[in-house]
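Report on the structure given below.
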Amino acid sequence: MGHGGGGALSAELMEQVFTPAYGNPTLAALTDSAVLDLGGARVAFSTDSYVVRPLFFPGGSLGDLAVNGTVNDLAMSGARPAYLSTAFVLEEGVDLAVVERVARAVGAAAERAGVTIATGDTKVVESGHGDGVYISTAGVGLVPDGVDIRPQRARPGDAVLVSGPIGLHGVAVMSVREGLEFGVEIASDTAPLADLVATMLEVTKDIHVLRDPTRGGLGASLNEIARASGTGVRLRERAIPVPDEVVNACGFLGLDPLYVANEGRLVAFVPPEHAEAVLAVMRAHPQGSGAALIGECVADHPGMVVVATGLGGTRVMDLPLGEQLPRIC
Amino acid sequence: MKYIDEFNDPGLARRLLDEIRATVTRPWALMEVCGGQTHSIIRHGIDQLLPQEVELIHGPGCPVCVTPLDVIDQALEIASRPDVIFCSFGDMLRVPGSDRDLFRVKGEGGDVRVVYSPLDALDLARRNPDRQVVFFAIGFETTAPANAMAVHQARRLGLENFSLLVSHVRVPPAIEAIMTAPSCRVQGFLAAGHVCSVMGTAEYPDLAEKHRVPLVVTGFEPLDILEGIRRAVHQLERGEHRVENAYPRAVQEQGNPAALRMIEEVFEVADRNWRGIGPIPASGWRLSDAFRAYDAEHRFGVTGIRTEEPAACRAGEVLQGLIKPTECEAFGTACTPRNPLGATMVSSEGACAAYYLYRRMTDGPAPQGSRIPQEEMNPVG
């Protein structure tokens, strides 16, 4: 299971199994979406599978994730997402009303994100060989001229911005999956981010890196960017927006909010001269109203993320190994 | 969270640090007993902010780390059985046994489940009457009351398919063992607040007197830890050695009477083996005679397992505060969270894991006393 957690084990699986098997320069970039040259047009292309349990959770559902996840992967290369495909894998015996509810959520999320579900597929597996409903989505979108957004472009001096409070999605799913109640309802942040990205690109096309910190959280995403670009990242712990309810839940479970999944947040590396203006338009957008400057890219400690703690010490923020495990006491 | 923010306040932290600096006149070595405190210290960089004279030594208080290898092997054997649902807290799943861990057993088809409470395991037993449900009952005084409660409930409900694999340990005998070791350098203790919230402080005055060491009951937030250090240094500088409660919001002298009654009813004090340290007399609990039927070790006949630790692993010395994790030759090379030699590298409270996670820089661990510029402490954005 650790190999699917978005941490070091996931990266290892990619590097040791898939990259050698399919190896090509496009795949080697290991970005959330590939940017392809198709007859002169720059097309972003992405695919992902969604296996979340339970299918419905506070603030969203499997259907929302399946659309927003791929829309956001496309948006992280600066693309305007246009068309999606969906492939449903249904487990024999799953209630048809549940499938209908998931499908309606997919439709509503697509409408909200401004994308069209252009093609699809359905398979049924025997009872016991699935988990109710799995969805795979793929999507395409056009990348505007002059936009080149990928992890390798992070540069020392870049401002590191996050679009809002982190950790809400992971804690929302845990709160229903594990039967834990934290005294307040925590809703997932799942949302499409393409419009926010388009707004940011209106300030400058020279945004260096965008990433949506999903599984593995902010910690995994920033480590991937640091490693891909060979630069260091320095964060200020007190500047990172973590909602009180996420702090409480993570404190109870012994988890670090920096490694908890998000589904409606992005992290951006922006040249310092544009940072203030980009931050301003993010804050004026509904998906970025809680945006914050959380650190910068540095030449020191290349490939590593270091956090300045609230008290004035420092610590390394490493790539997590796999899923975080709740502690004993 | 306002309440937690109060215990992270940089202004108050600076004031406490200034006071510690003003008080200290010579080197002192303090041991924080609990692994949770170790992680808080390293995560917040507290050791970097202290004056050079104050050295923090990491203690044996990580329940996952001190669970003996033979008990882990027992757990692996029980968890592999097809009729068993084996329940554990999450952080036990990566702890290496002799040849694999619980994750591997799960991957091989064993029904291993992460639970948040032994009562969740009890509920599983109720809902699966045709399966044996075993809960891995490890930990210090903090987890013992809930584990005792689960067994108590199982008997009340007449559940015959529920049992505990018990490896409970107690803090005071460990402090005694550390202080009587010939190589001991510890001059004062930050006693684990959670343990004292259950047990109270009655066991500590004799230890403080016998070994002439200050024992300051300390919490887990950064300011709690700094306050514990401040009080311990204050006592040491004055030549005092008594028990002080620096965690009064959670700890009362008499502890938690209901929890103590539950422990007393279900468990009895027993000698225990500590991983990396060895046997310590009267340092743990086992199920008392009245509840022996709920002992998984006997139910599944997994007694008599004998094991050997990897020779390269110096976790025992780390747990006794004799070396820092980075002084172990295997640290970060032969031993990493991906391929751990000892439990201290995988546990969320393990000292080796704390150093690996938070201090591993390309140019070596951050030196004590290193600082970041003051302006970086100011919130931005």
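The values are calculated or read from the model by the stated rules, or taken from the named source; none is laboratory data. Fair warning: this is a prediction, and the values are worked out from it, not measured in the lab. For neighbour counting, all protein chains shown are included, and Cβ atoms are generated from backbone atoms with ideal geometry for every residue, glycine included. We work out accessible area using only protein heavy atoms, side chains counted, and drop any ligands, DNA or RNA first. Shrake-Rupley method; radii C 1.70, N 1.55, O 1.52, S 1.80 Å.
Things to note:
- For residues of A:230-239, the mean tally of beta carbons on other chains within 10 Å: 3
- Taken as Cα centroids, the stretch A:114-162 and the stretch A:181-250 sit 16 Å apart, rounded to the nearest whole angstrom.
- Anisotropy class of the stretch B:314-360 from Cα gyration tensor, a/c 1.5 cut: rounded
- In this simple spin-label model, placing a label point 7 Å from the Cα along the Cα-to-Cβ direction at both A:Leu38 and A:Thr26 gives a separation of 0.9 nm.
- Excluding ligands, DNA and RNA, the accessible surface per residue across the stretch B:314-360 is 33 Å² with a 1.4 Å probe.
- On the principal axes of its alpha carbon atoms, the protein assembly as shown extends 82, 64, 45 Å, with the longest extent given first.
- Theoretical ellipticity at 222 nm over chain A - DSSP helices of four or more residues, -39500 (n - 2.57) apiece, nearest 500: -9000 deg cm²/dmol
- DSSP assigns beta bridges within the protein assembly as shown; of those with both partners inside it, close to 55 percent run antiparallel.
- Using a probe radius of 1.4 angstrom, the carbon and sulfur fraction of the accessible surface of the stretch B:314-360 is 50%.
- The simple Förster model, with R0 at 41 Å and r as the Cβ-Cβ distance, assigns A:Asp148 and B:Arg131 a FRET efficiency of 0.15.
- Pairing chain B with chain A buries about 3900 Å² of accessible area. This figure sums both sides and uses a 1.4 Å probe.
- Modelled label positions at A:Glu273 and B:Thr25, each set 7 Å beyond Cα in the direction of Cβ, lie 5.9 nm from each other.
- For B:Glu32, the residues 5 or more places off, or on other chains, whose built amide H falls under 5 Å of its own are B:Ile57, B:Gly59, B:Leu190.
- For residues of A:302-311, the mean tally of beta carbons on other chains within 10 Å: 6
- Eligible aspartates and glutamates near B:Lys324 by straight Cα distance, threshold 12 Å, same-chain separation 8 or greater: B:Glu55
- Cα gyration tensor, chain B - rounded (a/c under 1.5), prolate or oblate: prolate
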